[in-house]
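Participant: Take this structure first; my questions come after.
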Amino acid sequence: MIRPWSGVVRHSTYASLCLALLGGLLVACNNDPSSPTPAGSTLLRASRSASTGITVAAASPDSASTDTTLDVTISGSGFASDAVATWALNGTPDATQVRTNSTRYVNPNKVVANITISSTATVASWDVIIYSGKKSGIGSDAFAIKARHVTIPTVSLTVTVSNTDNLGTPYAIQNDGAGAYVDGTQDVQAVLDDNGTFAFNTETGVHRSAVRYVTYDFNNPVDPANTYRPTPSNLRNYHFTTGASQHSPEIPIQNLGVNGNPTSECIYMGNSFATGKSLTDPTTSWRVSFHAHLEDVSNTPTAFAVVTRTSVSPAAWTITPAGACSPVSNVASLRSGDGSVLYGYYNLPFFFTLRAK
């Protein structure tokens with residue numbers, strides 16, 4: 001939305017304000033020192049402009065991340081050779097967060113501003129203001145500041161899927177009897193990716209059965225009256241994925257237990273399997289979710305997947321659906337592959353150990 005600035009500067013009965021443009025900064029003076037400017041209505045508020053005559057139509061690019069210096073082309077009308085660009089949050093410029101290094105006039109419809117966005121700048125939509133003599137104009141929410149994406153090194157893994165706990169009680173998700181699952185071998189993908197999540201995939205495509213797989217035991221539903229049991233094959237025994245839940249703080253798995261981060265966190269985990277080629281056909285495919293997707297709601301009866309770093313060097317983690325941050329233990333939902341049919345909730349304890357290759 002483009003809003004021209006008001007053409008009137010209001011004077012109170014107790015004080016008068018004067019505005020001057022000096023080196024791209026607004027300066028205020030008050031003729032009555034006994035009448036301080038009220039909080040929230042400082043000289044830098046966008047609503048306290050001088051005269052109209054300038055419009056700000058767009059900024060290109062219209063977004064950037066924190067801790068960045070870049071050129072931004074501002075288009076509009078009424079620009080002059082003395083134009084100065086300023087970034088404002090809710091109408092209030094703040095050069096400590098976004099500093100204008102220079103403004104280059106191109107023509108009455110275009111200027112180019114070089115700005116530096118600090119590493120601590122507020123992640124939000126910012127206004128872009130052009131001052132030129134006594135005229136000024138504002139492009140409301142014309143520029144977005146985004147959190148800087150920090151690239152996280154990918155970690156190739158060896159994954160051990162345990163069949164029993166320390167007391168010999170069987171887990172409901174077990175291995176296929178062929179040993180550890182090693183990233184890059186036997187069609188296995190097992191990594192901590194550059195988003196800080198765990199991807200574990202034994203999918204081979206639609207042309208042949210999986211070389212490796214895991215097995216499931218759905219014989220312990222939460223509701224004893226639930227008699228539904230899926231009938232998966234190993235043709236498409238497919239893809240565990242994890243991610244941040246909206247109900248739990250997110251820390252990249254690689255960063256657990258280092259740099260002051262906690263050693264454990266609650267995340268979601270989901271996986272799919274099928275009897276045929278399709279992973280979305282509701283009659284031949286299923287989806288298991290621990291707080292994932294449709295289950296990532298505050299009142300879900302499912303457990304979180306709890307990731308714990310057990311060693312920094314060599315790097316190692318465990319994942320299990322039980323822990324201090326998870327109010328529920330071991331329970332997952334079972335849905336059709338397209339998510340449209342809920343077959344119920346099942347106790348599916350498991351224990352994965354992840355080790356960096």
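Participant: Work out from phi, with θ = phi - 60° and the Karplus expression 6.51 cos²θ - 1.76 cosθ + 1.60, the ³J(HN,Hα) of each residue of region 74-87, listed in order in whole Hz, and give x for Gly and Pro.
Facilitator: Listing the rounded values in order: 10, 10, x, 8, x, 6, 10, 5, 9, 4, 10, 9, 9, 9 Hz.
Participant: I would also like to ask the following. Starting from the amide H of SER233, placed 1.01 Å from N in the peptide plane, find each other amide H under 5 Å away whose residue is 5 or more places distant or on another chain.
Facilitator: Residues meeting the criterion, in which the H sits 1.01 Å from N, are ALA274, THR275.
Participant: Would you please give the residues with an amide H less than 5 Å from that of ALA292, counting only those at least 5 places away or on a separate chain, with H modeled from the backbone geometry?
Facilitator: MET269
Participant: How large is ³J(HN,Hα) for each residue in region 116-126, as worked out from phi by the Karplus curve 6.51 cos²θ - 1.76 cosθ + 1.60 (θ = phi - 60°), to whole Hz, x for Gly and Pro?
Facilitator: These are the phi-based 3J(HN,Hα) values: 10, 9, 5, 5, 10, 4, 5, 7, 5, 8, 10 Hz.
Participant: How much net charge surrounds ALA124 when only other residues with a Cβ under 11 Å from its Cβ are counted (Lys, Arg +1; Asp, Glu -1)?
Facilitator: -1
Participant: With Cβ to Cβ distances under 10 Å as the rule, what net charge do the other residues near PRO252 carry (K, R +1; D, E -1)?
Facilitator: So the environment of PRO252 carries a net charge of -4.
Participant: Each residue of region 128-139 in turn: what ³J(HN,Hα) in whole Hz from Karplus with 6.51, -1.76, 1.60 and θ = phi - 60°, glycine and Pro shown as x?
Facilitator: Couplings: 10, 10, 10, 9, 8, x, 8, 9, 7, x, 9, x Hz.
Participant: I want the local charge near GLN189. Using Cβ-Cβ distances under 11 Å, sum +1 for each Lys or Arg and -1 for each Asp or Glu among the other residues.
Facilitator: -3
Participant: Among VAL182, TYR171, GLN97, which residue has its Cα furthest toward the positive end of the charge dipole of region 82-182, with +1 on Lys/Arg Cβ and -1 on Asp/Glu Cβ?
Facilitator: Farthest along the dipole direction, towards plus: GLN97.
Participant: Amide H to amide H under 5 Å from ALA121: which residues, 5+ apart in sequence or cross-chain, H placed 1.01 Å off N in plane?
Facilitator: ASP67
Every number in this text was worked out from the coordinates using simple rules, so none of it is lab data. Treat the numbers as computed from the prediction; the structure is a model and nothing was measured. We place every Cβ from the backbone using ideal geometry, glycine too, and count neighbours over all the protein chains shown.
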